[in-house]
Amino acid sequence: GTQTVERFRTQKGVLLLAYLAAYPRRTYSRDVLGEVLWPDEEPEKQRARLRYELSVLRKAVWSDLFHTPDNAQIALAESVTSDVAAFEEALR
């Protein structure tokens, strides 16, 4: 839409959004995302941190930003696009 986010609450939130936006049609497990973002943390702590970052991003950007088909998988909503994905698609 027309909303501009000038600052994110955490760098991990930015990293999460960028990671998902690089491949917007791909679905990731929560465990994989937790391991990518917090590799040195225990799985329970990874899941808690991921829940927090998802919540913060939903509030800051858009409540329907993510698609969670079975609550164990996460993807960006189909309506979300990125210039990186568009560029890669154009290369193909």
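Here are the numbers for this structure:
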| read-out | value |
| --- | --- |
| Long-range neighbours under 9 Å by Cβ, at least six apart or interchain, first residue closer than 21 Å to residue 54 by Cα within region 76-92, second open to solvent by 60 Å² or more (accessible area, probe 1.4 Å) and among the hydrophobic types (A, V, I, L, M, F, W, C) | 77/62; 80/62 |
| Residue 35, sole failed condition from (1) farther than 27 Å from residue 90 by Cα; (2) among the acidic types (Asp, Glu); (3) not in a helix (DSSP H, G or I) | (3) |
| Qualifying residue in region 15-27 (condition: assigned to a loop (DSSP other than H, G, I, E, B), at pLDDT below 90 and open to solvent by less than 70 Å² (accessible area, probe 1.4 Å)) | yes |
| Count of residues meeting criterion [among the polar types (S, T, N, Q), assigned to a loop (DSSP other than H, G, I, E, B) and in contact with a strand residue (DSSP E or B) (Cβ under 9 Å, 6 or more places away or on another chain)] in region 71-92 | 1 |
| Lone unmet requirement of (1) crowded, with 17+ Cβ neighbours inside 10 Å; (2) acidic (Asp, Glu); (3) not in a helix (DSSP H, G or I) for residue 40 | (1) |
| When residues of region 66-90 are limited to those that are of a type in the set (A, V, I, L, M) and under 14 Å from residue 27 (Cβ atoms), the one surrounded by the most Cβ atoms within 10 Å (Cβ to Cβ) | 76 |
| Looking only at region 50-70, and only at residues there that are touching a residue at least 12 places away in the same chain (Cβ under 8 Å) and part of a loop (DSSP other than H, G, I, E, B), the one that is nearest to the chain's Cα centre (by Cα) | 65 |
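The values are calculated or read from the model by the stated rules, or taken from the named source; none is laboratory data. Since the model is a prediction, treat every value here as computed from it, not as a measurement. For neighbour counting, all protein chains shown are included, and Cβ atoms are generated from backbone atoms with ideal geometry for every residue, glycine included. Accessible surface is based on the protein model in full, side chains and every heavy atom, while ligands, DNA and RNA are left aside. Shrake-Rupley method; radii C 1.70, N 1.55, O 1.52, S 1.80 Å.
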